[in-house]
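Chemist: One structure follows; several queries about it will come next.
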Amino acid sequence: MKRRRAWEWQLRDRSGILIMGGREKSRPAARYQGYRALFMLLASSWRGNDPETPRPSAARGEFRHTQ
């Protein structure tokens with residue numbers, strides 16, 4: 001049996017906390033989604049050091065790739 005590989009992408013803040021992530025069937029798709037997530041993050045002006053911004057919890061899985 002041939003096993004298919006999945007390509008995983010992750011977007012983390014400076015302290016290593018997972019902000020977004022996902023898994024795609026092809027490397028170009030994973031690269032596209034990773035860059036897309038980074039662009040959306042920068043476009044929304046997200047700040048990890050802002051005390052009013054709630055910190056994401058990777059353990060609770062609050063941020064997931066849903067596409």
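Chemist: Can you tell me how many residues within segment 7-21 are free of Cβ contacts under 8 Å to residues at least 24 places away in the same chain and part of a loop (DSSP other than H, G, I, E, B)?
Modeler: 1
Chemist: Please list, ordered by first then second residue, the pairs with beta carbon atoms under 6 Å, 6 or more apart or interchain, first in segment 23-40 and without any contact (Cβ under 8 Å) to a residue 40 or more places away in the chain, second small (Gly, Ala, Ser) and part of a helix (DSSP H, G or I).
Modeler: These pairs meet every condition: GLU24/ALA30.
Chemist: Further question: Could you check segment 1-34 and list, in sequence order, the residues that are in contact with a strand residue (DSSP E or B) (Cβ under 8 Å, 6 or more places away or on another chain) and under 21 Å from SER45 (Cβ atoms)?
Modeler: GLN10, LEU11, ARG12, ASP13, LEU18, ILE19, MET20, GLY21, GLN33, GLY34
Each reported figure results from applying straightforward, stated rules to the coordinates on display, with no laboratory input. Note that the coordinates shown come from a computational prediction; the quantities given were computed from them, not determined experimentally. Note: ideal-geometry Cβ built from the backbone for every residue, glycine included; neighbour counts use all protein chains shown.
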